[in-house]
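**Q** I have a structure here, written as C-alpha cells, and I will follow up with some questions on it.
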Amino acid sequence: MQYFTVNDLKDLWDDSSYSQENYEEPIPTGEVIAAVEAALGGYKLPASYIELMRLKNGFSLQRDFFKLANDDDFADACIWVSDIMGIGFEKRYALCGEIGSQFMIEEWGYPEIGICFASTPSAGHEMYMLDYRECGKAGIPKVVHVDQEGDYEITPIADTFEDFIKGLVTEEEAFEDSLDE
C-alpha cells in the first residue's frame, strides 16, 4: 500500500545543509528498522512512517505548521512542527540518536506512551509523539502533541501518521484565514 502521493510530499522537507547534517540518516534497511524498533521498547513503526523515511530519512520541515480541525480560536488553530526524526542511530536527531525519542522520555520526562518523533522550535519543551496507548505496541498509533511546560499535557492531533503529514502546511497557508479578516 502506498500512503503518500507526490502532492502529499511537495515542498515537505528542507534540503539545507543543517537538515542533512543533523537529521538525514541513510535510507533504512529492514535490519535497521528492526533494531530501532527494538531499541524503542518494541514499538512497531507505522508503515506510513517507514514509507516516508525510505524516501527521505529524517529532515527539518518546510511545511512546518499543522492546522487543528474545528478550532475557532486563531491563537490555538495552528501548531508549529520543526522536524521529523529519521529511522536510525547516527544523527543527533534520529529516533535513536543523541537527542532522540529515548532521550526525551528518560531525560526530559516525556510520558511513556510511545515514540517521540518530531519537535517544535521550543528546544525540547514540546514534542510530537506516536501514541500507542489505544492500539498496543504493534498497532497503528495516533499522533499527539505533548507540552512539557504544561505539565506534559497530551493533545490528540491526528488519527494516523499519514494524516499528520498530509495536514502539514506552510506558514502562509496556516495563517491565511486570519490575514483575510
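**Q** Of Glu134, Glu172, Glu106, which residue is loosely packed, with under 15 Cβ neighbours inside 10 Å, free of Cβ contacts under 8 Å to residues at least 40 places away in the same chain and in contact with a strand residue (DSSP E or B) (Cβ under 9 Å, 6 or more places away or on another chain)?
**A** Being loosely packed, with under 15 Cβ neighbours inside 10 Å, free of Cβ contacts under 8 Å to residues at least 40 places away in the same chain and in contact with a strand residue (DSSP E or B) (Cβ under 9 Å, 6 or more places away or on another chain) holds for just one of Glu134, Glu172, Glu106, which is Glu134.
**Q** What do you reckon, is Gly139 in contact with a helix residue (DSSP H, G or I) (Cβ under 8 Å, 6 or more places away or on another chain) and either over 23 Å from Ala35 (Cα atoms) or not in a helix (DSSP H, G or I) (or both)? Spell out how you get there, then give the answer.
**A** Details: in contact with a helix residue (DSSP H, G or I) (Cβ under 8 Å, 6 or more places away or on another chain): no; either over 23 Å from Ala35 (Cα atoms) or not in a helix (DSSP H, G or I) (or both): yes.
Judged against the criteria, Gly139 is not a match.
**Q** Looking only at residues that are surrounded by 14 or more Cβ atoms within 10 Å (Cβ to Cβ) and among the acidic types (Asp, Glu) in segment 9-35, which one is farthest from Ile165 (Cα to Cα)?
**A** Our first condition is that a residue be surrounded by 14 or more Cβ atoms within 10 Å (Cβ to Cβ); within segment 9-35, this holds for 9, 12-14, 19-20, 22-25, 27-28, 32-33, 35.
With among the acidic types (Asp, Glu) added as a condition, the list becomes 14, 24-25.
Details: Asp14: 14, Glu24: 17, Glu25: 19 Å.
Applying the filter and picking the extreme gives Glu25.
**Q** OK, next. Which residues, counting only those in segment 142-166, are in contact with a His (Cβ under 9 Å, 6 or more places away or on another chain) and either closer than 12 Å to Tyr43 by Cα or in a strand (DSSP E or B) (or both)?
**A** Passing the criteria: Asp147, Glu153, Ile154, Thr155, Pro156, Ile157.
**Q** Conditions first: (1) in contact with a Leu (Cβ under 8 Å, 6 or more places away or on another chain); (2) loosely packed, with under 15 Cβ neighbours inside 10 Å. Ala38 passes all but one, so which condition is the exception?
**A** Only one criterion is unmet by Ala38, namely (1).
**Q** Turning to a different aspect of this structure: Which numbered condition in (1) modelled with pLDDT of 95 or more; (2) of a type outside the set (Asp, Glu); (3) surrounded by 14 or more Cβ atoms within 10 Å (Cβ to Cβ); (4) more than 15 Å from Phe65 (Cα to Cα) is the only one that Gly124 fails?
**A** Only one criterion is unmet by Gly124, namely (1).
**Q** Next question. In segment 22-51, which residues are farther than 16 Å from Lys137 by Cα, charged (D, E, K, R) and either in contact (Cβ under 8 Å) with a residue 24 or more places away in the chain or in contact with a strand residue (DSSP E or B) (Cβ under 6 Å, 6 or more places away or on another chain) (or both)? Walk me through how you get there before you give the answer.
**A** So the first thing to find is which residues in segment 22-51 are farther than 16 Å from Lys137 by Cα, and the list is 22-32, 51.
If we keep only those that are charged (D, E, K, R) too, we end up with 24-25, 31, 51.
Within segment 22-51, Glu24, Glu25, Glu51 qualify.
The values are calculated or read from the model by the stated rules, or taken from the named source; none is laboratory data. Quick caveat, the model's predicted, so the values are computed rather than measured. Neighbour counts are summed over all protein chains in view; Cβ atoms, including those assigned to glycine, are modelled from backbone coordinates with ideal geometry.
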